[in-house]
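Nothing in this text is a laboratory measurement; each read-out follows from the coordinates by a stated rule. Here the structure is a predicted model, which is why all the values come from computation and not from measurement. Every residue, glycine as well, gets a Cβ built from its backbone with ideal geometry; the counts of neighbours run over all protein chains shown.
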Amino acid sequence: MSHEDAVHSWMTAISQDGGVGRLDDLHIDRIDHAWKTRELWIAGGLEAFRIATALRDKNKLPAAVALAFSLVAGDKPLGVDFKNTTELQTRFDWSPPSLYLLPPGEKPWTFGAPKGVPPIEITEQSVDSSILGIGLTVRCHLIEFKQADSGEFKRTLFLIS
Amino acid sequence: MDKAADFVARGKRLVQDHPYATGGLIVGGVALGIWFAPIVLGGGGAAAVAVGATGGEATVAATAVSASAVSQTAAAAAAATMVLSVSGDSAGEIRSDGGNNKDNGPKKPAKSSTTGNMQKQVERNQAPKSIERVDNARTPYEKDQVHFKDGSAMNKDGSWKHGGRALTNAEKEWLTKNGWELPK
């Protein structure tokens, strides 16, 4: 299966089976097994993101595409503690990046918030997307949050288009 | 009137009004014990005084007196916050631990492991072989999730993120041991 076919298949499936609401993501090693290698997470993630946005545009799908890099969690928010891809790579945790599809206008860090439940402590910072060598049309955000059942601040770098 | 004498008098008045009072003299002794114990022995000493009291009635009195002592000193406040768990009528069944005994009160569910800890178990082959990875939630309203080698993924609350199947006994045992819920 080509990269395009793998991403298209995932987009079609979650658009039809409620996967968007379940935040059903696609890890890049499911697109290409070679992308399981940590050193390829940035290149593979950006390629998967490019394919997903191209398919979205081609099919006029009313959705936002996001690419998420999971960074090592900590006991406090650390902010943007990387200046280039080399430093960013050392912050990755053990899980390959993944694609998300969201309803238009939704942000990954607020989407799915249940009504009547106290908000989770979240910090969000814009990140200069040139760190990843990508254009200004892509928004780049670092979010750090602590969930009720966790003592850790989880950290995710999102690219959104 | 000095502080200690005033405190004993207040203790006597308080306990005389209490329906379970057994006598001002005993209660006065308990009150003095609580007053001085933190000075001599610290918070643990206050707990020991309560255990030494004779009978459930004296324990009730000690609790009442220590409540009145809250406004006296910070040390007395420490005595007032100690945990008194009465599970029967005899002194032998009175348990007092100064709030340090985690066994008191209702049992809590097993504390859940962090995803990092679970992932280490996977990497050290201490998890079922069918488990590929344990991932952190990437968005605030997503759950931590376990990824199986067959491509399915289950959230920490037992719901399926993608795919879904019956779990093996080994998977159930490992997930439960780490504080995760199972599919309903």
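Computed values, structure above
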{"read-out": "Peptides ranked, highest mean first, by Cβ atoms within 10 Å: ranges B:129-136, A:35-42", "value": "B:129-136, A:35-42"}
{"read-out": "Karplus-derived HN-Hα couplings along segment A:80-86 (A = 6.51, B = -1.76, C = 1.60, θ = phi - 60°), whole Hz, x at Gly and Pro", "value": "7, 10, 9, 10, 7, 5, 5"}
{"read-out": "Size descriptor, Kirkwood hydrodynamic radius, that averages inverse alpha-carbon separations across segment B:115-177, Å", "value": "11.7"}
{"read-out": "Normalised contact order of segment B:115-177, rounded percent, pairs of Cα under 8 Å and 6 or more residues apart", "value": "21"}
{"read-out": "Theoretical FRET efficiency, 1/(1+(r/R0)^6), r = Cβ-Cβ of residue A:115 and residue B:126, R0 45 Å, to 0.05", "value": "0.70"}
{"read-out": "Amide hydrogen neighbours beyond the local backbone of residue A:121, cut-off 5 Å, H modeled", "value": "A:146"}
{"read-out": "Derived scalar couplings ³J(HN,Hα) [segment A:64-75; Karplus, 6.51 cos²θ - 1.76 cosθ + 1.60; whole Hz; x for Gly, Pro]", "value": "9, 10, 10, 10, 10, 9, 8, 9, 4, 6, x, 8"}
{"read-out": "Packing-based ranking, highest mean first, of A:55-67, A:104-116 given that Cβ atoms within 10 Å are counted", "value": "A:55-67, A:104-116"}
{"read-out": "Proportion of all alpha-carbon pairs of segment A:33-161 beyond 17 Å (%)", "value": "60"}
